[in-house]
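The values are calculated or read from the model by the stated rules, or taken from the named source; none is laboratory data. Keep in mind that this is a model prediction, so the values were computed, not measured. Neighbour counts are summed over all protein chains in view; Cβ atoms, including those assigned to glycine, are modelled from backbone coordinates with ideal geometry. Please note that ligands, DNA and RNA were not included when accessible areas were found on the heavy atoms of the full protein model with its side chains. Shrake-Rupley method; radii C 1.70, N 1.55, O 1.52, S 1.80 Å.
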Amino acid sequence: MSSSTLPKANFRDTLATADQTGKRKWVYPKKQSGRFTISREIVGYSLLAFLFAAPFIKVGGYPLLLINILERKFVIFGTVFFPQDMYILVLIFLSFLAFIILFTVVYGRVFCGWACPQTIFLELVFRKIEYLIEGDYMKQKALDKAEWTWEKIWKKTLKHSVFFAIAVLIANVFLSYIIGIEKLYQIITSPTSQNIGGFASMMAFSGAFYFVFAKFREQVCAIACPYGRLQGVMLDRESIVVAYDYKRGEPRGKMRKGEERKIGDCIDCAQCVHVCPAGIDIRNGTQLECINCTLCIDACDEIMDKISKPRGLIRYASIDGIEKGTKFHFNTRRIAYSVVLLALLSVAGGLLFTRGKIDATLLRAQGTTFQKLENGNISNLYNIKIINKSHDERTIHLRLISPENGTIKMIGDSQQAQKNELRLSSEGIAESSLFIEFPKSALKGIHTKVEIGLYQGEELMKTLDTKFVAPN
Ligand code: SF4
Ligand code: SF4
């Protein structure tokens, strides 16, 4: 009977997916099903459906999500963000980061296993196609070792053609989140010669996705993903991870028919290793490569059912939970992260909620001070810029709020300028220059604070403050 005890001291010295010479060891994970796998499939396919449907969903005429880095235009749940709103986006981004950290501290890499696009696409789309065309892991291994027969040629050609077609589809969806579905449709339907740039970026993205899902695979999580690399500092002994209960499982050893078992529950069947898409042995303890995909839980539960032992030899648990039997509780780190997260979410939510429909700046014209007019009044020259942050067209009227006994005179002969009005097209920007004029008696020395109201009809949309300069 072979038996051993945990931990194998040298497993951290090597990469599970590289041999002694550093050459890549291809991972052939065994097909697995079970309660966690089925639940993950439901979640994963629902997220995929949302990802593919979202570019077509409009809220108030805007896409649900648009991250147009090129034109610096962002839409989140139908709300348009302009460069002037960047601080709100930064806060939302910080809240999201804090959320990820808090979530990871408490629940480990649940995100990786259940919601990460890399895992979802690789395990639920590309891997399934591979199983369908090439069969389960042993057949895949045999096919890769085999000579280039007709069977191997057609299977490999078919698999990689389907992979590339899906990579093109993913690239298109990805692009639709950047440039919008309408622009994407325009690129797809117009001749390539008219859209060399768009076509080239589509092919570049397609190539990158094909490489990631057909070749690079689990290496993304172990080598390239910054979130994966940060696990070491985010996880603590109380974080919930996919863990092997070595107290119950060790010493492990094969099961013999009719023999009374006096060792641990692990029968050393290696099913947990065979199914692992990261190519690791979870019985060695928590490892950087583990994406918490739960496949080893399902594989081991199946074995436990067969040998009539309780499920959960591999389960969601914390290291302390397994070692000391401690129950989950909120420690200081968790409370601190929760407070920071709540504060950030409240501020970001408040800013989002109170965010105006227009934004404006009013600055005194560069290099100017004041003019003394013939009637004794003093005037200052200003430049105004108004940004419409919505889809609706607007006519904005400028009125002096304080000091009251002055006048605004917009420069220009148009009817609108005469009425101190600026017209804003949908998401448009309007600029103008204007004089503000006061009798000397209304002013308080060299600098007087001036308030101007921007009105749409009778609704005050925004108040602007500026300084008025006058002689002493
Ligand atoms: S599947 Fe379970 S019983 Fe089999 S080797 Fe893994 S931990 Fe041991
Ligand atoms: S060790 Fe288990 S949970 Fe981690 S990647 Fe492998 S199969 Fe998934």
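In the set 341, 235, which member is closer than 20 Å to residue 116 by Cα, more than 10 Å from ligand 1 (Cβ to nearest atom) and open to solvent by less than 60 Å² (accessible area, probe 1.4 Å)?
Every option except 235 fails the conditions.
Residue check: is residue 300 farther than 18 Å from residue 231 by Cβ and assigned to a helix (DSSP H, G or I)?
yes
Give region 10-39 a look and list any residue that's assigned to a loop (DSSP other than H, G, I, E, B), more than 11 Å from ligand 2 (Cβ to nearest atom), touching a helix residue (DSSP H, G or I) at 6+ places or on another chain (Cβ under 9 Å) and over 14 Å from residue 299 (Cβ atoms), or say none.
15, 17, 26, 28
Does residue 332 qualify as being away from ligand 2 (no atom under 16 Å from the Cβ) and open to solvent by 70 Å² or more (accessible area, probe 1.4 Å)?
The answer is yes for residue 332.
Name the residue that is surrounded by the most Cβ atoms within 10 Å (Cβ to Cβ), counting only residues in region 263-277 that are assigned to a loop (DSSP other than H, G, I, E, B) and in contact with a Gly (Cβ under 9 Å, 6 or more places away or on another chain).
Residue satisfying both the conditions and the ranking: 266.
Of the numbered conditions (1) touching a helix residue (DSSP H, G or I) at 6+ places or on another chain (Cβ under 7 Å); (2) assigned to a loop (DSSP other than H, G, I, E, B), residue 52 fails exactly one; give the number of that condition.
Among (1) touching a helix residue (DSSP H, G or I) at 6+ places or on another chain (Cβ under 7 Å); (2) assigned to a loop (DSSP other than H, G, I, E, B), the lone unmet condition for residue 52 is (2).
Answer yes if at least one residue in region 188-204 is in contact with a Lys or Arg (Cβ under 9 Å, 6 or more places away or on another chain) and open to solvent by 30 Å² or more (accessible area, probe 1.4 Å), and no otherwise.
Checked region 188-204: no residue is in contact with a Lys or Arg (Cβ under 9 Å, 6 or more places away or on another chain) and open to solvent by 30 Å² or more (accessible area, probe 1.4 Å).
Can you tell me which residue in region 362-397 is surrounded by the most Cβ atoms within 10 Å (Cβ to Cβ), limited to those that are among the β-branched types (Val, Ile, Thr) and under 25 Å from residue 472 (Cβ atoms)?
378
Hey, among the residues in region 278-296 that are within 6 Å of ligand 2 (Cβ to nearest atom) and of a type in the set (S, T, N, Q), which one's surrounded by the fewest Cβ atoms within 10 Å (Cβ to Cβ)?
294
Between 309, 324, which is touching a residue at least 12 places away in the same chain (Cβ under 8 Å), basic (Lys, Arg) and either open to solvent by 50 Å² or more (accessible area, probe 1.4 Å) or away from ligand 2 (no atom under 16 Å from the Cβ) (or both)?
Unique residue meeting the criteria: 309.
Quick test of your reading of the structure: residue 283 fulfils all but one of (1) among the basic types (Lys, Arg); (2) part of a helix (DSSP H, G or I); (3) more than 23 Å from residue 37 (Cβ to Cβ). Name the failing condition by number.
The single condition residue 283 does not satisfy is (3).
Here's the yes/no breakdown for (1) of a type in the set (S, T, N, Q); (2) closer than 29 Å to residue 199 by Cα; (3) open to solvent by 20 Å² or more (accessible area, probe 1.4 Å):
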position: 129; (1), (2), (3): no, yes, yes
position: 135; (1), (2), (3): no, no, no
position: 139; (1), (2), (3): no, no, yes
position: 146; (1), (2), (3): no, no, yes
position: 152; (1), (2), (3): no, no, no
position: 171; (1), (2), (3): no, yes, no
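Restricting attention to region 55-70, report how many residues are in a helix (DSSP H, G or I) and open to solvent by 70 Å² or more (accessible area, probe 1.4 Å).
Result for region 55-70: 1.
For residues in region 238-250 being open to solvent by less than 50 Å² (accessible area, probe 1.4 Å) and either within 16 Å of ligand 2 (Cβ to nearest atom) or in contact with a strand residue (DSSP E or B) (Cβ under 6 Å, 6 or more places away or on another chain) (or both), which is farthest from residue 27 (Cα to Cα)?
239
Residue-by-condition table, conditions (1) under 20 Å from residue 211 (Cβ atoms); (2) hydroxyl-bearing (Ser, Thr, Tyr); (3) in contact with a Leu (Cβ under 8 Å, 6 or more places away or on another chain):
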position	(1), (2), (3)
127	yes, no, no
137	no, yes, no
140	yes, no, no
146	no, no, no
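What helices (runs of 4 or more DSSP H), lying completely within region 310-427, carry at least 2 residues that are within 40 Å of the chain's Cα centre (by Cα)?
So the answer is 319-323, 332-354.
Given the conditions (1) more than 10 Å from ligand 2 (Cβ to nearest atom); (2) more than 27 Å from residue 234 (Cβ to Cβ), and given that residue 274 satisfies all but one, which numbered condition is not satisfied?
(1)
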